1. Go over the candidates D:ARG66, D:ARG102, D:ARG54, D:ARG81 one by one and state the one that is of a type in the set (D, E, K, R) and either under 26 Å from D:ARG191 (Cβ atoms) or in the same structural domain as D:PRO199 (by TED's automatic domain parsing) (or both).
2. From the set of residues in the stretch A:32-44 that are part of a helix (DSSP H, G or I) and touching a Lys or Arg at 6+ places or on another chain (Cβ under 7 Å), which is nearest to the other protein chains (Cβ to nearest Cβ)?
3. For the stretch C:1-24, how many residues are assigned to a strand (DSSP E or B) and within 20 Å of the chain's Cα centre (by Cα)?
4. Could you list, in sequence order, the residues of the stretch B:329-353 that are in contact with a Leu (Cβ under 8 Å, 6 or more places away or on another chain) and either within 20 Å of B:ASN3 (Cβ to Cβ) or surrounded by 24 or more Cβ atoms within 10 Å (Cβ to Cβ) (or both)?
5. Of everything in the stretch C:1-28 that's in contact with a helix residue (DSSP H, G or I) (Cβ under 7 Å, 6 or more places away or on another chain) and of a type in the set (Val, Ile, Thr), which residue is surrounded by the most Cβ atoms within 10 Å (Cβ to Cβ)?
6. In the stretch B:270-286, which residues are touching a residue at least 24 places away in the same chain (Cβ under 8 Å) and not aliphatic (A, V, I, L, M)?
7. Could you list, in sequence order, all residues of the stretch B:301-316 that are hydrophobic (A, V, I, L, M, F, W, C) and touching a residue at least 12 places away in the same chain (Cβ under 8 Å)?
8. Is there a residue in the stretch C:85-107 that is away from chain B (no Cβ under 14 Å), in a helix (DSSP H, G or I), among the basic types (Lys, Arg) and within 16 Å of C:LYS136 (Cβ to Cβ)?
4 protein chains.
Amino acid sequence: MINGMKALNRSLRWGMVGGGGTSQIGYIHRSAALRDSNFTLLAGAFDIDAERGRAFGQSIGVAADRCYSDYETMFAAEAQREDGIEVVSIATPNNTHFPICRAALNAGLHVVCEKPLCFTAAEADELEQLCAEKNKVIGVTYGYAGHQLIHQAREMIAAGQLGDIRIINMQFAHGFHHEAVELENASTRWRVDPRFVGPSYVLGDLATHPLFIAETMVPDLQVTRLLCSRQSFVQSRAPLEDNAFVLMEYNNGAVGTMWASAVNCGSMHGQKVRVIGSKASLEWWDEQPNQLRYEVQGEPVRILERGMGYLAASALADDRIGGGHPEGLFEAWSNLYRRFAQAMDATDRDDSAFLQDFWYPGVHAGLTGVRWVEKCVASADAGAVWVDC
Amino acid sequence: MINGMKALNRSLRWGMVGGGGTSQIGYIHRSAALRDSNFTLLAGAFDIDAERGRAFGQSIGVAADRCYSDYETMFAAEAQREDGIEVVSIATPNNTHFPICRAALNAGLHVVCEKPLCFTAAEADELEQLCAEKNKVIGVTYGYAGHQLIHQAREMIAAGQLGDIRIINMQFAHGFHHEAVELENASTRWRVDPRFVGPSYVLGDLATHPLFIAETMVPDLQVTRLLCSRQSFVQSRAPLEDNAFVLMEYNNGAVGTMWASAVNCGSMHGQKVRVIGSKASLEWWDEQPNQLRYEVQGEPVRILERGMGYLAASALADDRIGGGHPEGLFEAWSNLYRRFAQAMDATDRDDSAFLQDFWYPGVHAGLTGVRWVEKCVASADAGAVWVDC
Amino acid sequence: MINGMKALNRSLRWGMVGGGGTSQIGYIHRSAALRDSNFTLLAGAFDIDAERGRAFGQSIGVAADRCYSDYETMFAAEAQREDGIEVVSIATPNNTHFPICRAALNAGLHVVCEKPLCFTAAEADELEQLCAEKNKVIGVTYGYAGHQLIHQAREMIAAGQLGDIRIINMQFAHGFHHEAVELENASTRWRVDPRFVGPSYVLGDLATHPLFIAETMVPDLQVTRLLCSRQSFVQSRAPLEDNAFVLMEYNNGAVGTMWASAVNCGSMHGQKVRVIGSKASLEWWDEQPNQLRYEVQGEPVRILERGMGYLAASALADDRIGGGHPEGLFEAWSNLYRRFAQAMDATDRDDSAFLQDFWYPGVHAGLTGVRWVEKCVASADAGAVWVDC
Amino acid sequence: MINGMKALNRSLRWGMVGGGGTSQIGYIHRSAALRDSNFTLLAGAFDIDAERGRAFGQSIGVAADRCYSDYETMFAAEAQREDGIEVVSIATPNNTHFPICRAALNAGLHVVCEKPLCFTAAEADELEQLCAEKNKVIGVTYGYAGHQLIHQAREMIAAGQLGDIRIINMQFAHGFHHEAVELENASTRWRVDPRFVGPSYVLGDLATHPLFIAETMVPDLQVTRLLCSRQSFVQSRAPLEDNAFVLMEYNNGAVGTMWASAVNCGSMHGQKVRVIGSKASLEWWDEQPNQLRYEVQGEPVRILERGMGYLAASALADDRIGGGHPEGLFEAWSNLYRRFAQAMDATDRDDSAFLQDFWYPGVHAGLTGVRWVEKCVASADAGAVWVDC
C-alpha cells in the first residue's frame, strides 16, 4: 500500500517538454509525477508558443525564469544550474520524440517519453545505445501497464499457473474515429498525419499498448515472425491504417493475434489481453482494470479483484486504496512514474542489483514496440505476408 | 409467437439414420423435429448395431418393422410404402454424411443433415446438383442460427442501421479439449480422427457455425481470399488442428477474422459474431442468445432482448415464450426444423415464390462451409498463405 | 443426462383443463409434459368456449370424443373409461384453481396446477388433506425451480459450503406493467382483477416464485414473522399491489427480503435469489439460468456453469445437452413434469421410500405460497406491520 | 474537462487533523485536496502521538513549527498568523468529529469532515446553526458522490426522463467483516466500538453513502417515515449492527429500501443505487463508476459511459480524462474537494448567487445522514417499527 509515502528519500528535479495548456496528456503526466512527491516540477518548455508556455508554467507554479521557449534552451540552461533538472518528460507530437530524447540524454538527463520513442529500428538502436553510454533511463509511458492486476498475471504465469503458453490474443479497438472526425477535430488530426506519427496510425498508437502488456505478462516470449493486414476504412487516412490485424508466431510455438482499430463502432476502448496456456487462461480489460479473469479449464471461472489478500505481493504493493474501491488510469500512471523514479535513482547509484529484477517500461520496451510496428508495416505493405522478426 | 401451432396443415413423415441410444445429437434432432408436430417419426436406422437400433426405435415408439438395420434397407423399404417417409435426418459420423445424403436424395427423400455435408468441394457440387435434379431440400443443422436475435441482426443490417459493413469478427473457441481428452473419451475421439472428420477439426466442427451466422446476418458478402494459420497444440492431433486463425477479405472491401479453438482454456463455448459497420456494430454470443448488443458510435450501447416489441417482425415470429424468459438451444433447433418443414412443403408444391425469400440453412449454406474449410486447409498447409476463393 | 429416455416404463394418460388456443401457458405445459413421452395427451376441456376447445383439441391430435365442454364432464366421462386419464393439468385463471383441483382429486386424478392453488389458508388445508386422503399428487408449476443450478445451490448449502445461513434476498421485479397496459391488453387484465387473482397481484403472481426457489435451496428454514409494504403505483389497480417489499425473520435467526414488482421500469424479469451464509454466498438469476455465482469471502468470485463436471450429481442429472449450450425455461418445465411423473408413479406404487427424499414442488409447496401471500396481505393491510407466521 | 487548472485564482491555506502515518483516509484527503492546487497544505495535527505527527508532517513537507500536537493548539496558533490556515480537514475517529468541527468553526475555519459529523440530531442542529452564524462551509466527504455519472442521473431525473419517481433501492453491502476480523485487525476494531462510532455500525458507516447519492440524484424527495431492522450476525458486535434493512416512504408517495451490510460474503462493495420512475430507471454501481444503466421501459437497456458527448454538461465538467479511460475513487474525491474550494471561496465572497444552485455535500447533507441514522436506530431498537421523520 502506497499511502502517499515517497518512493525515495529525495524528490527528483523534473522538467517537461510540451504538455501545456489544456493538454490532456500533459495533465496526466503532471498528475502522475507529482503524486506522492517523487518528482518536483521545476522547469518546462511547455508549448511551441513560448509566451503561452511561459504563462502556463507560471500558472502551475514554475518559476518564470525556468519557463523556457524551447527544449534546447531548457536543456542548456538547466545544465548550468546547481539545482538543474535531472529528469525531463516529453509530451510532444510523435515525430519530435526521437530528437528530444536524444538531446535530453546528451544533456545528461533521464527521460520519460510517450511512445513511440521514434519511427525506425535504426533510431531505436541509437537511443538504446545512448542510454547505455550515458547511464540514463528512458521511462516509456505505457500507462495501462501500471495497473496492478497485470502484474498479478505476470506472477501467475511465471509460477506456471497457466501451464505452457499457447495463445495470446490482444486488442485495442475503439470506435471514436469511425468517420473522418479529424476534419473537425484538431486533436485527432495529427494522429492520422504521417508527418507527425510516422508510418502507422493504430498499430503505433494503439496496438503497442496491449503488446507491451502481453510482454509484461509473459516476458520470455519472442515474436519470430508476423503477418499484418491493415485497412484505411476512412479512405482519406491512407496510407495510414485505421484498422489492422496481426498474426504472430512466438519462439516457444505459441501464436498471437492483435486487433487494433479506431473504427470499431460503439466500443469505448476495447483494450484486452487474453493469455491462454495449456491449463488455464487469464484475461484483462483496461475498462475494468480492477478485475482479472482467471479461467482454469474444468473449474468455474474466477474473477480476481485488486487489493485482495489472495493476490501476489507484487500485485498489492502499488495499491493506494483498499479493494472494492476502483482505482483508475491516473493510479496506473502514478505507479509508472513512481517506478521511473526508483529506476532513475538506482541508476544514479549504479545499483544494478536493484535494477536486475525491477520492472518498468524502459528504453528496451519502447524499442520493441517501434520494431514491431516497423515489421507490421513492412508486412502489410508487401500484401500482408509473413516477415521474420 | 409459435405456441405449438403446426407450421403446415400436415406433418411430414420422417425417419432417422443414426442418433440412437444416448446420443446427445440424436436427442436434439428428435426434440426439434417432433416439437409442434411438424414431423412424425415413423422409421429409423438408428444404430450401426442393428439390434440395438431396433430396440431403441421401439422404445421411442417406432414400429418394429420400420426399425431398419441400415440406411440402404430403409430407403428401399420405405420407398415401397404408401406411407413411406418423406424426409430423413442424418446424425452419423461426418465421413458418412456424403454417401447417405446422396442415397437419400436418390431415393426421393428430403434430407436434414449435420454439417459438414461432405469433405470436398467436388462432393459439394454433386450434392447441390442432385438437390436441383430431384427437387429436394437438404436442411443443414447449423442449430445456433435458429436463434431469433440473429435474424434481428440480419434485418437491421439489411435496413442499413450499421452503414457499410467493414469488419466481421467471428469466433468459436472453447477449452474442453485443452489436453488429449480423446484418450479417455470416446465421444471426442472421432472428432480428432481424419478418417471420420476429414481434413480439419476445429475449422469444420466449430468455425463453420459462426461463419454461417455471419452469412445469415450479412448475406451479400462474399469471401474473395483468405489466409489460415492452424495449430495442433495437442500434438497427437496433428495434422488436424485444435486451434486456427483465419483472415478474410470480402468483395465489398470488408475484412473478417475467425478464431476457432478447442484449447481456449476456461471458455465454455466462446461463440461470438461481431459485425462492424461504418455507423454501428452488432454483437451476438451463443451463451446468452436472448441478448444482442447494438452499439451505435456516439450513443450508449443498447442491449436488445428477445421477445420485445421493438424487434423486427421476423425476429419475433419464432418466439415460443415472452421476453425475459430465456429460450435456449432446443428452441433454436426447433426453429430450424420448423423452417425445414416449410421449405420441404413449399418445394413439394413447387412454390418458388415462397422459397425465394425464405431463410433456412440449405444445401448451399452447407456447401459454402465445406468449400471454406477446404480453402482454409489449403492455405494452412501451404504455410498460412493467402488463397483466392 | 436425460437424452429423451422416458422417466418411467410407462407414459401417464393425461388431460388438460384450459390452455387452448394461443395460450402461452398452455403451450409450455404441453411442451413440458409431452417431452420425453412421460405423458400422453388423451383428453381436454381446453377452452371456456366448448366449440373452440374441441377444435383446438383435435388440431393437436386429441380424439374428438375426448374434447370436452367443461372439466366436470371430462372428469366424469374419463372416469368411466378403461383408458381414462390419470392426471390432469390445470391452466385456467387463478380463481378456478381451487374448485378444479378439488374436483380432480375427488375424481381420483393426480393434478398439475398453476400457482396459486387457491386463495386462502383454509382452502389450502383442504387440498392438502384431500391429497392425503386420495393418495394423489398435486404438482405445482413453479417452473423456474426446475433449473438445475438451483439444485446445485441446494446441495452446496446442505453440505455446509455457505456456513450458517444469515440472509436471503429474493426479488422478481419486472417493468412490463409500469403503466395501465391492462386497459389495452386482455392478457394482463385478469392479473390485476381481484375476482380472478384473489387478494394480491405481484405477491402471488411473482414473489411466490423466488420464495419457492429459496425454499428449495434452503429447505430447513421457516419464516417466523414477516412485514409487508405494498403499493399500487398504477392507482386503478388498488387494492391490488403492483409493487411490494417484504421483510422476513427465520427460525434460525436469519433474515430475508423480498421485492416483487411489475413497475420496475426497464427490467426484463429481475428474478434473483441470493443466499448469504457465514462463509459464502450464492446468487442465481433466472435470465441467465445456466450460471450460478459462488462467492466465498476472501476468495475470487466463481461462476459455476451448468453441465460441468464439478457440479453435484443432482445438478447434472436433468441435463439435456452439454455445458456451454444454453438450456432455457422449457427445459426447466420439462424437468418439473418429469419429476411429477415420477412422483405420481411412485405414489401409485405406494413407494414411500422413493418419495421421502424426492424433490418436486408438491401440494405443500403450493400451500406455503398461499399462506405466505395471505400473511403479506394481512400485514400490508394493517399498515405494514409485523405478523407472526 | 479539468486538465489540472485550478478551480480558483487562489489556493486555500489548508490544515489537517488526523490522517497521518499510513492512514488510508488521510492519504485520499491529501490526494484530493492537493490535486490541481486548490489547497496548499500548511499545517497539521496529524496524530494523537504528537511526535509521530510532527515527523509525519515534516516528511510530507509541512514546516516543523506548523506540525502541532493537537487541534486546539493548531487552531489557536494558526489564528495568530497572517498566513494561517483557512480550512481544516478532519480525518479522526467518528466520536471526535463533533467537537473538532465545532472548535474549527469557532476558530473561523471552513471545515472538511468525514461523515458522520456527529451522533445526535441535537449536535447536528448546533453545527448547522454555527455554520450559518460564522458564515462557514462544512464539506462532508461523501466521496462516491463526486463521480460524474451520479450527476448525469441528477440531470436526467430533473429533466423528467424517468417520469414520476416511484422507488429508490439503495445498498452498500460488502462481506469483509463476515466474521470477527476486528479481533485481529485494529483498523476494523474501532468501527464496531460504540465509543468511537456512536449508535450504529453499518447504518452510519455504509448506508449514509448511497443515501446521499440518492439525495443527490433526487433532491426533492423527503423521507416521511421509515422502519429499520438490524442484526448483529457476529454477536460480539451487539448492540452495533453488521447488517440492516430499512424501508422508507417519501413525501411524493415513493418508497425506498436500503440494505447495509458488512457480512454480505463475497461481495466487494456492493454499493448501488437504483431509481425507478414511471417511465424509466437509472442504476449506478460504485465498483464500475464510469457506467450508468438507463432503462426505459419498452426500449433496450442503454449503458451510458463517462466522458461521452451525449451526457449533460454538468456530468462532463469534472472529467479529467477522455471517455473509455477509467476514472476511479481518487477522481471522485478530487471533484468533491474542488467543489469544497469553490463553495468556500464563494462563501468568503458572500456570493449567494453562485451558491444557490451549486452542488456539494455540505453541512445539511451531513446532518440529514445523522438524523436518518438516529431514526433508524430508534426504529430498530423499538422492534423494527415505523417511525416518523
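The values are calculated or read from the model by the stated rules, or taken from the named source; none is laboratory data. In this text, all values refer to a predicted model and were calculated from it rather than measured experimentally. Virtual Cβ from ideal backbone geometry, glycine too; neighbours counted across all protein chains shown.
1. D:ARG102
2. First, pick out the residues of the stretch A:32-44 that are part of a helix (DSSP H, G or I): A:32-37.
Right, trim to touching a Lys or Arg at 6+ places or on another chain (Cβ under 7 Å) and you get A:36-37.
Details: A:ASP36: 9, A:SER37: 7 Å.
Per the criteria, the residue is A:SER37.
3. Restricting attention to the stretch C:1-24, the residues satisfying the condition of being assigned to a strand (DSSP E or B) are C:12-18.
Filter again for within 20 Å of the chain's Cα centre (by Cα), leaving C:14-18.
Within the stretch C:1-24, residues that are assigned to a strand (DSSP E or B) and within 20 Å of the chain's Cα centre (by Cα) number 5.
4. Applying the first criterion (in contact with a Leu (Cβ under 8 Å, 6 or more places away or on another chain)) to the stretch B:329-353 yields B:341-347.
The answer is B:ALA341, B:GLN342, B:MET344, B:ASP345.
5. Per the criteria, the residue is C:VAL17.
6. Let us first name the residues in the stretch B:270-286 that are touching a residue at least 24 places away in the same chain (Cβ under 8 Å), namely B:270-282, B:284, B:286.
Residues satisfying the conditions are B:GLY270, B:GLN271, B:LYS272, B:ARG274, B:GLY277, B:SER278, B:LYS279, B:SER281, B:TRP284, B:ASP286.
7. Initial filter on the stretch B:301-316 (hydrophobic (A, V, I, L, M, F, W, C)): B:301, B:303-304, B:308, B:311-313, B:315-316.
Those that are hydrophobic (A, V, I, L, M, F, W, C) and touching a residue at least 12 places away in the same chain (Cβ under 8 Å): B:ILE303, B:LEU304, B:MET308, B:LEU311, B:ALA312, B:ALA315, B:LEU316.
8. The answer is yes; a qualifying residue exists.
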